[in-house]
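The values are calculated or read from the model by the stated rules, or taken from the named source; none is laboratory data. Computed from a prediction, not measured in an experiment: that's the story for all the values here. Positions of Cβ are generated from backbone atoms using ideal geometry, with glycine treated the same way; all protein chains shown enter the neighbour counts. Heavy atoms of the whole protein, side chains included, go into the accessibility calculation; ligands, DNA and RNA do not. Shrake-Rupley method; radii C 1.70, N 1.55, O 1.52, S 1.80 Å.
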Amino acid sequence: MPPIPGSGLAKGLAVTLRTMTKRAHTAQYPEVQPELPPRSRGVIGLFEENCTVCMLCARECPDWCIYIDSHKETVPAATPGGRERSRNVLDRFAIDFSLCMYCGICIEVCPFDALFWSPEFEYAETDIHDLTHERDKLREWMWTVPAPPALDPCAEEPKEIAAARKAAEKAEAAAAEAAAAAAAAEATADPSADATPDTPDTPAGGTA
């Protein structure tokens, strides 16, 4: 059956009439801040203490908007006769948000949890070159990162927490065994060192 001429126009007018009878909702931004979901993809915060300069985030970024500079430092040996080691020190960590498409790949591939999503979204600039934010600004956004959701009480214990707990329990057990062994060694020490030497009985009023 062919469509009735003008049916599309009638449907469009019906939608317009239904919308006209509803009250418009206007967000008074910026006087009234929007209520965003806690895991909104606003900006990316950097926790630089966890960054090992592995460059994985910069290599996996499809937009190549992450810039990282670093240098190597020599760490002295922890024990006498040990070998010196070298470590990477972060000099620059910047993200060009004019190129970022908020895919979150850099956050997912970071093996040391140095990058986090922040719901902060007010970072507009009048110059596009100012949208490249350095690590100081990325560190400020870390304080707006929401806390992680609570674990399911019925879920399995994370492997990292379980390994740390087992290591702590093993260390406590070893310390307790060492303390018990030390106490046993003190108890079984030579008793003559603390005993009072025996003296012969002397008759009253004279010598033997």
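Mean projected area of the Cα convex hull of region 24-140, taken over all directions, amounts to 10.0 nm². Relative contact order of the chain: 21 percent, from C-alpha pairs under 8 Å at least 6 residues apart in sequence.
Residue ranges 130-139, 30-39 sort as 130-139, 30-39 when ordered by packing (mean number of other C-beta atoms within 10 Å per residue, highest first). Annotation: Met101 carries an accessible surface of approximately 110 Å², with a 1.4 Å probe and no ligand, DNA or RNA atoms counted. Our summary of shape: the Cα atoms of the chain have principal axis extents of 144, 46, 43 Å, ordered from largest down, in whole angstrom. When the P(r) is computed for region 135-180, the part past 16 Å accounts for 66% of the Cα-Cα pairs.
Working value for region 111-165: equivalent-ellipsoid semi-axes of 35, 13, 8 Å, each the square root of 5 times a Cα gyration tensor eigenvalue, largest first. Average accessible surface for the chain: 78 Å² per residue, computed with a 1.4 Å probe over protein heavy atoms with every protein chain in place. Calculated mean residue ellipticity, 222 nm, the chain: -9000 deg cm²/dmol, from DSSP H runs (n ≥ 4) at -39500 (n - 2.57) each, averaged per residue and rounded to 500.
Label-to-label distance, Val109 versus Val32, with points set 7 angstrom from Cα along the beta-carbon direction: 4.2 nm.
Could you order peptides 166-174, 111-119, 77-85 by the average number of other Cβ atoms within 10 Å of their residues, highest first? Intermediate values should be presented prior to the final figure.
On the way: 166-174: 10.0, 111-119: 17.2, 77-85: 7.9.
Per-residue mean Cβ counts within 10 Å order the peptides as 111-119, 166-174, 77-85.
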